[in-house]
Amino acid sequence: MLRLVSLKLGRLYRYVKLAVLGSLAAALVLNTHSLLASLQRNELSERRFLQLNKCPACWGTSWCRKFLNGQLRLESWGRLRLFDFFNVKNVYFARYGEPREGSRRVVLKRLGSAQELADIDTKICRRATGRGRCDLLQALHATEFASLNGDVRLLTPDAVEGWSDLVHCPSQRLLDRLVRRYAETKDSGSFLLRNLKDSERMQLLITLAFNPEPLVLQSFPSDEGWPFAKYLGACGRMVAVNYVGEELWSYFNAPWEKRVDLAWQLMEIAEQLTNNDFEFALYLLDVSFDNFAVGPRDGKVIIVDAENVLVADKRFIRQNKPENWDVWYESKFDDCDKEACLSFSKEILCARVTVDHNYYAICQNLLSRHATWRGTSGGLLHHPPAEIAKDGRLEALLDECANPKKRYGRFQAAKELREYLAQLSNNVR
């Protein structure tokens, strides 16, 4: 009976698969003319495709001249809107050309699915009029995004606290940094909010509220050694960032030597984001194999999805001394059945100086035997060579880092793991 059911389900799956493929083939045939036309068009130079009409309810305009002048073109299948159904995240690959530099690959992001972007419009309308649909540009001036006008000197914590992960617990020092480094203004460098134009100010606030990833990349730039993709610019609701390379998951079955090096880099990133001279702790709240990429030439690991980053100002915490501020905080292991599970308290991350969250996130979701991704398990350091497996030190450190048995065990395990991976990496080079 069970065998009969499984056979029927198998046939049903094949029929559905064939039906989907047939529908796609039929769509390709019926729309051949429009498909050819779309391959020849450069939609990245069209204001409607960029949703430039939504501004200032958009991400910025600093790269509009490059987009509208045709300096960016979508790559191959990215030009076919038929495949947007599969591109849920609205991430595109494109070529960007400068007359003297030739062309290079860039990544374009709408910073949300079609539904999420539509929700932004709905939320703005509801905040202004109480209705779900309205004249967006007119409604924008009746929201808090316009209330911080040219008379307001500084962007203050009480105005934006809790808008997004980036400003879940903002200090004045962090907000001054965000304004000073804001790249979507011609006059960057000032921390005074009133020095921004009305449209620039609203763009900054809307980005901060709905998807602060561009602000993370701007405020903690790769040019200064932060492990994030390089922010290039925006036009309407399209942001351009530097193409890094293949995502980390494509290295899951790379040679052992390569995986050791990548694992060491990941632990170094966890350390840098936790402890740095700027006294900002950047906690990664979403850690999975598709949030990191690896440079094809230098092999450097870079964070390519920075939407869910919480920034805690350690200097501010030391000054204010909230309850238990100096007690080391240990993240609790989350043994769930889903991919990329993390257990954390944003309030505690905001109130402690010494926190092991980044070590925990990297070890549990990427490196240890607890890590799962697209049906694979065992983490990036799966199947070590026989002599390393026999020694047992690597497995013990990974287990203690992911699910510590001793008090403060993760702190010590993370330190030793970084040193051990550095040793292994040097040995295999």
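The values are calculated or read from the model by the stated rules, or taken from the named source; none is laboratory data. In this text the structure is predicted, and so the values were computed from the model without any measurement. Note: ideal-geometry Cβ built from the backbone for every residue, glycine included; neighbour counts use all protein chains shown. Just the protein is used for accessible areas: all its heavy atoms, side chains included, with ligands, DNA and RNA removed. Shrake-Rupley method; radii C 1.70, N 1.55, O 1.52, S 1.80 Å.
Would you confirm, using the coordinates I've provided, whether R181 is touching a Leu at 6+ places or on another chain (Cβ under 9 Å), of a type in the set (D, E, K, R), buried (at least 17 other Cβ atoms within 10 Å of the Cβ) and free of Cβ contacts under 8 Å to residues at least 60 places away in the same chain?
In short, yes.
Only residues that are open to solvent by less than 50 Å² (accessible area, probe 1.4 Å), part of a helix (DSSP H, G or I) and modelled with pLDDT of 90 or more: list them for region 24-53, please.
Within region 24-53, E43, L44, S45, F49, L50, L52 meet the criteria.
Based on what the data block shows, is R194 surrounded by fewer than 23 Cβ atoms within 10 Å (Cβ to Cβ), within 18 Å of E144 (Cα to Cα) and among the basic types (K, R)?
yes
To keep it simple, each residue is scored yes or no on (1) part of a helix (DSSP H, G or I); (2) open to solvent by 60 Å² or more (accessible area, probe 1.4 Å); (3) touching a Pro at 6+ places or on another chain (Cβ under 6 Å).
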residue	(1), (2), (3)
A118	yes, no, no
T122	yes, no, no
R126	yes, yes, no
R133	no, yes, no
Q138	yes, yes, no
F145	yes, no, no
L154	no, no, no
L166	yes, no, yes
L175	yes, no, no
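Small (G, A, S), in contact with a Lys or Arg (Cβ under 9 Å, 6 or more places away or on another chain), outside any loop (DSSP other than H, G, I, E, B) and open to solvent by less than 20 Å² (accessible area, probe 1.4 Å), is that true of A263?
So A263 fails the test.
Quick check on region 331-362: of everything there that is over 23 Å from E279 (Cα atoms) and either touching a Leu at 6+ places or on another chain (Cβ under 8 Å) or at pLDDT 90 or above (or both), which residue is surrounded by the most Cβ atoms within 10 Å (Cβ to Cβ)? Before the answer, list the steps.
In the first step, residues of region 331-362 are kept if they are over 23 Å from E279 (Cα atoms); the result is 332-343.
Then drop every residue that is not either touching a Leu at 6+ places or on another chain (Cβ under 8 Å) or at pLDDT 90 or above (or both), which leaves 334, 342.
Numbers: D334: 16, L342: 20.
Result: L342.
Any residue in region 352-366 that is over 17 Å from H382 (Cα atoms) sitting within a Cβ distance under 7 Å of a residue that is of a type in the set (K, R)? List the pairs, counting only those 6 or more apart or interchain.
V353/K314; V353/R318; D356/R410; Y359/R410; Y360/R410
How many residues does region 313-329 contain that are open to solvent by 50 Å² or more (accessible area, probe 1.4 Å) and either among the polar types (S, T, N, Q) or farther than 18 Å from L282 by Cβ (or both)?
Restricting attention to region 313-329, the residues satisfying the condition of being open to solvent by 50 Å² or more (accessible area, probe 1.4 Å) are 315-316, 318-321, 323-328.
If we keep only those that are either among the polar types (S, T, N, Q) or farther than 18 Å from L282 by Cβ (or both) as well, we get 319-321, 323-328.
So the count comes out to 9.
In this structure, does L394 turn out to be outside any loop (DSSP other than H, G, I, E, B), among the aliphatic types (A, V, I, L, M), over 20 Å from Q412 (Cβ atoms) and open to solvent by less than 40 Å² (accessible area, probe 1.4 Å)?
Judged against the criteria, L394 is not a match.
Mind checking whether some residue in region 278-298 is over 21 Å from L342 (Cβ atoms), of a type in the set (D, E) and at pLDDT below 95?
Narrowing region 278-298 to residues over 21 Å from L342 (Cβ atoms): 278-279, 294-298.
Cutting the leftovers down to of a type in the set (D, E) gives us 279, 298.
The next check asks that each one be at pLDDT below 95; those that pass are 298.
For region 278-298, residues over 21 Å from L342 (Cβ atoms), of a type in the set (D, E) and at pLDDT below 95: present.
Somewhere in region 359-367, is a residue under 29 Å from L310 (Cβ atoms), in a helix (DSSP H, G or I), of a type in the set (S, T, Y) and under 25 Å from the mean Cα position of the chain (by Cα)?
Taking every residue of region 359-367 in turn, at least one turns out to be under 29 Å from L310 (Cβ atoms), in a helix (DSSP H, G or I), of a type in the set (S, T, Y) and under 25 Å from the mean Cα position of the chain (by Cα).
Taking region 219-240 only, how many residues are open to solvent by 20 Å² or more (accessible area, probe 1.4 Å) and part of a helix (DSSP H, G or I)? It would help to see each step written out before you state the result.
Filtering region 219-240 for residues open to solvent by 20 Å² or more (accessible area, probe 1.4 Å) gives 221-225, 230-232.
Applying the additional criterion that residues be part of a helix (DSSP H, G or I) yields 222-224.
Going through region 219-240 one residue at a time, the tally reaches 3.
Here is a list of conditions, (1) touching a residue at least 40 places away in the same chain (Cβ under 8 Å); (2) more than 27 Å from S164 (Cα to Cα); (3) touching a strand residue (DSSP E or B) at 6+ places or on another chain (Cβ under 8 Å), and K346 meets all of them except one; can you say which number that is?
Here K346 clears every test but (2).
Does V216 qualify as being open to solvent by less than 30 Å² (accessible area, probe 1.4 Å), over 25 Å from E116 (Cβ atoms) and in a helix (DSSP H, G or I)? Quick ask: steps written out before the conclusion?
Values: open to solvent by less than 30 Å² (accessible area, probe 1.4 Å): yes; over 25 Å from E116 (Cβ atoms): no; in a helix (DSSP H, G or I): yes.
Against the criterion (open to solvent by less than 30 Å² (accessible area, probe 1.4 Å), over 25 Å from E116 (Cβ atoms) and in a helix (DSSP H, G or I)), V216 does not qualify.
Hey, among the residues in region 97-113 that are surrounded by 13 or more Cβ atoms within 10 Å (Cβ to Cβ) and outside any strand (DSSP E or B), which one's nearest to the chain's Cα centre (by Cα)?
L111
For region 286-309, how many residues are part of a loop (DSSP other than H, G, I, E, B), open to solvent by less than 20 Å² (accessible area, probe 1.4 Å) and not hydroxyl-bearing (S, T, Y)?
Of the residues in that region, 4 qualify.
Could you count how many residues in region 364-391 are over 25 Å from E339 (Cβ atoms) and open to solvent by less than 50 Å² (accessible area, probe 1.4 Å)?
Residues meeting the conditions: 2.
Hey, among the residues in region 241-259 that are surrounded by fewer than 20 Cβ atoms within 10 Å (Cβ to Cβ) and over 16 Å from the mean Cα position of the chain (by Cα), which one's nearest to F49 (Cα to Cα)?
S250
Would you say D158 is surrounded by fewer than 17 Cβ atoms within 10 Å (Cβ to Cβ) and either part of a helix (DSSP H, G or I) or of a type in the set (F, W, Y) (or both)?
On the way: surrounded by fewer than 17 Cβ atoms within 10 Å (Cβ to Cβ): yes; either part of a helix (DSSP H, G or I) or of a type in the set (F, W, Y) (or both): yes.
Criteria met by D158.
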